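Report on the following structure.
The values are calculated or read from the model by the stated rules, or taken from the named source; none is laboratory data. Please read these numbers as outputs of a predicted model, since none were measured by experiment. Please note: Cβ atoms are built from the backbone with ideal geometry, for glycine as well, and neighbour counts cover all protein chains shown. Heads up: the accessible areas ignore ligands, DNA and RNA and are worked out on the full protein's heavy atoms, side chains in. Shrake-Rupley method; radii C 1.70, N 1.55, O 1.52, S 1.80 Å.
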Amino acid sequence: MIASIAAGAVSFLLKLGFGGIVDKALSHLEARADNETERERIRAQTTVEAVRAEVDRIRAEQKTARHLASEGTARQQAKFSHPIFWVLVTAALGPGVLNLWMLWLYNFLWWSGGIFPQAWSIAAYPPQAAVWVDMSIRWLFDPVAMPVTIATAAAAALAAGRKRR
């Protein structure tokens, strides 16, 4: 019986002595786990805020671009709706275009290899316009040249737009 009392007393003293240490160790581990969980929550919240800020920035850029595009379109519509614009364009470009149309008509219908071939020649393209006319006819009737020209022009415009920023 004394042995069991002694064992109980030793057990009680051990609990008293080591109980505080075990409780402190357990509470320390729980606090560490809570701190780690809190750090992970803060990291996740920071990441979410950074992504939201980036999305807001992109949306603001898109809104600005849409506004600028609509403003530019409105200006173009205003310009094209004025009759004086078309009068000036016709006065500036009309004589040259009319001359080229007449030359094209003649060279299409009556030149030596045309629809109504003639041995004589009354007009030919000016040397300065011959290259341009040749390129424009190729551009109109060549199925590859037109998309390539448009793609090249688009790439050049895109590159010029990025350089300005």
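With every protein chain left in place and a probe of 1.4 Å, what is the accessible surface of ASP56, to the nearest 10 Å²?
90
Assuming a ≥ b ≥ c are the square roots of the Cα gyration tensor eigenvalues, decide whether segment 32-110 counts as rounded (a/c under 1.5), prolate (otherwise, with a/b larger than b/c) or oblate.
prolate
Near GLU36, within a Cβ-to-Cβ distance under 15 Å, what is the net charge of the other residues, with Lys and Arg +1 and Asp and Glu -1? Please list the in-between numbers first.
Details: positive: ARG32, ARG39, ARG41, ARG43; negative: GLU30, ASP34, GLU38, GLU40.
So the environment of GLU36 carries a net charge of 0.
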